[in-house]
């Protein structure tokens, strides 16, 4: 039975709709014109991109072939540990997938979407823009109506909350039995692949969104995947059309997702950098409220002042309109950047 969640108003949703994304340095550069070189820690993207590829210019002179796309889908199924019978679709980034999700839900049946809150703001924006009512869920056990579509980001952004696979299994089963629909966004999952919801067999009433650019450090490639319930994936495939991604995306992803040596080394590197940043923040007595391999979110009374002070030293971080005590910090590229970040924070404190 839903109680508090039924009372959520659009005013409460609006605080998430107004939030700004990380990754855009234009404002920082405009305000801090004297700084010529920036360290962008605002996105939560792997700072050491996959680069073992060469693109021939002729790749753009013809359309991606159906065989190339099918080959990449097979490789992606292996990378995500999916049964080969599972339907999967590629599109222009996880964001691209998120943008079209309202088109696969029958609004005459479900005019309300539940979203575990707080989370990535585009999940609120796209459903709101399509006229769906949004129910904010802060406690799954007490507030979730399993018969209503539910958006869950795991690991969550920006609080880093990670739900265990066993819990996800139980949650999916609860939703499936109630005739609901689980939309699972695993955009930050690649660093902890064993924590993903397993797809040894086909699953109804659930789809999973995956980002290619975050782990492989290539967000500009605009590539993401979505897999799960065949009914919904068929709808998405129909919406994205016959050439959903570019020829270069096909070629780069095909090579990267098969590069097990780079993948393993990168998971290790992310873990080491994540641990080093966590230890430093702990040593500085900065409270961490969000923690995953790609970023740390800290809570402090003067988050905006810390954000501005770091910007004055050429370090761009992420603040949140809906929680003015939070500051998110991504991973640095190398030891030099980490030491610069650490020394700058200590000077500010």
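The values are calculated or read from the model by the stated rules, or taken from the named source; none is laboratory data. Note that the structure is predicted; figures quoted are calculated from it, not measured. So basically every Cβ, Gly included, is an ideal-geometry build from the backbone, and we count neighbours across all protein chains shown.
Things worth noting here:
- Residue 22 within 22 Å of residue 219 (Cβ to Cβ), in contact with a helix residue (DSSP H, G or I) (Cβ under 8 Å, 6 or more places away or on another chain) and not assigned by TED's automatic domain parsing to the domain that holds residue 118: no
- Matching residues in the range 47-73 - criterion: being within 26 Å of the chain's Cα centre (by Cα), loosely packed, with under 12 Cβ neighbours inside 10 Å and closer than 23 Å to residue 209 by Cα: 70
- Filter result for residue 125 (part of a helix (DSSP H, G or I) and without any contact (Cβ under 8 Å) to a residue 60 or more places away in the chain): no
- Where residue 327 falls short, out of the listed (1) surrounded by 19 or more Cβ atoms within 10 Å (Cβ to Cβ); (2) assigned to a helix (DSSP H, G or I); (3) without any contact (Cβ under 8 Å) to a residue 60 or more places away in the chain: (2)
- Applying the set (1) buried (at least 21 other Cβ atoms within 10 Å of the Cβ); (2) in contact (Cβ under 8 Å) with a residue 60 or more places away in the chain; (3) over 27 Å from residue 330 (Cα atoms) to residue 157 leaves exactly one unmet item: (3).
- Considering the range 206-294, the qualifying strands (runs of 3 or more DSSP E), each wholly inside and each with 3 or more residues that are outside the structural domain of residue 338 (by TED's automatic domain parsing) and under 21 Å from the mean Cα position of the chain (by Cα), run over 206-211, 224-228.
- The one condition in (1) crowded, with 20+ Cβ neighbours inside 10 Å; (2) in contact with a strand residue (DSSP E or B) (Cβ under 6 Å, 6 or more places away or on another chain); (3) not in a loop (DSSP other than H, G, I, E, B) that residue 44 fails to fulfil: (3)
- Identity of the residue in the range 167-189, touching a residue at least 40 places away in the same chain (Cβ under 8 Å) and in a loop (DSSP other than H, G, I, E, B), that ends up farthest from the chain's Cα centre (by Cα): 181
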